Amino acid sequence: MTEQTTEFHSGFVAILGRPNVGKSTLMNRMIGEKVAIMSDKAQTTRNKINGIYTDKDAQIVFVDTPGIHKPKNDLDEYMDDAAVSTLKEVDGILFMVAADDKIGPGDRFIMNLLQDVKTPVFLLINKIDLIHPDNLPEIIQGYTDVLNFKNIFPVSATMGNNVPELLQEVKALLPVGPKYYPDDQLTDHPEYFVVSELIREQVLHLTRDEIPHAVAVVLESMNQRVNGKLQVEATIFVERDSQKGIVIGKGGSMLKKIGINARREVENLVGEKINLKLWVKVQKNWRDDPLFLQRSGYNLKEFK
Ligand SMILES: Nc1nc2c(ncn2[C@@H]2O[C@H](COP(=O)(O)OP(=O)(O)OP(=O)(O)O)[C@@H](O)[C@H]2O)c(=O)[nH]1
């Protein structure tokens, strides 16, 4: 049982753009094999998670804002508060257009919505392989005349031009934060939440008087086997350094107790022997962070 010390950055990024501009192609290009298809259970009606990019120092969770991509004529009817509030909560917005398409009502609709949102917006001019580079400045100007962008990236999602640079800049938008999803979460995996709840129960049970409810548990991985034993790794998040001390205990004694109890519970659940590794990390004000709560699964009734 060790303590996690390195600073990790994580956050949520929305990709917007009208149909067919290349959003899915870009996502696949950025995420590569790491595409994570999230279960419906792990989602709320508010956000749809499209994919998760994870590397050694950052995790970008790409969210979709249903509705925004396909505007109807009646703006009032269409205006979706939930989608707009998502745009305010995310750490960055990628607004994608196609270089070979004229700016249209769909683009203007989205840019209108973005006028009221303070989140940094990148303009992505996709499909640059289809145009002559001399035409690029004029295309860009058509959009910058309407909206201010934090940054502008001419890209080709199919060829990969400028995609690594884009990823770097997106990562630079993210605050220090936890890995919301395990590296290996590729498919629907609801038992991750149950296992993290079992661990959390033990933390609350054993430290009851000292840190009531100021704790969240996120499962990092649960798919490796070493000598036939399933390896389970989880991070316990608390809100303050003092709480971290309590959870770890003198010489690690509390964390050891938590680990022993939780291991038994998880073994009962999964029906086999496991190795449990726990980390403890401070994540200030996680209880006030709706995205953190949502990703950790604690607001999902079925897991309560
Ligand atoms: N030439 C070229 N074609 C591209 C590029 N990016 C995407 N495309 C093509 O554009 C079409 C639409 O791409 P998608 O990724 O499905 O577009 P989308 O924005 O996700 O579309 P919706 O799901 O309808 O919103 C596909 O045929 C892609 O192959 C690019 O950089 N260059």
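The values are calculated or read from the model by the stated rules, or taken from the named source; none is laboratory data. Every value quoted in this text rests on a predicted model; they were computed, and no experiment measured them. So basically every Cβ, Gly included, is an ideal-geometry build from the backbone, and we count neighbours across all protein chains shown.
What the table shows:
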item: Scan of region 141-179 for residues that are hydrophobic (A, V, I, L, M, F, W, C) and in contact with a Gly (Cβ under 7 Å, 6 or more places away or on another chain), ordered by number; result: Ala157, Val170, Leu173, Leu174
item: Checking Gln168 against (1) without any contact (Cβ under 8 Å) to a residue 60 or more places away in the chain; (2) within 22 Å of Ile31 (Cβ to Cβ); (3) away from the ligand (no atom under 16 Å from the Cβ); (4) surrounded by 15 or more Cβ atoms within 10 Å (Cβ to Cβ), the condition it does not meet; result: (4)
item: Selection count where residues are within 16 Å of the ligand (Cβ to nearest atom), modelled with pLDDT of 75 or more and assigned to a loop (DSSP other than H, G, I, E, B), scope region 1-60; result: 6
item: Residue identified as surrounded by fewer than 19 Cβ atoms within 10 Å (Cβ to Cβ), closer than 21 Å to Pro19 by Cβ and under 24 Å from the mean Cα position of the chain (by Cα) among Val155, Val97, Val121, Val84; result: Val84
item: Options Glu201, Glu233; residue that is within 30 Å of Glu272 (Cα to Cα), more than 16 Å from the ligand (Cβ to nearest atom) and at pLDDT 90 or above; result: Glu233
item: Matching residues in region 261-304 - criterion: being modelled with pLDDT under 90, closer than 22 Å to Val226 by Cβ and not basic (Lys, Arg); result: Glu265, Val266, Glu267, Asn268, Leu269, Val270, Gly271, Glu272
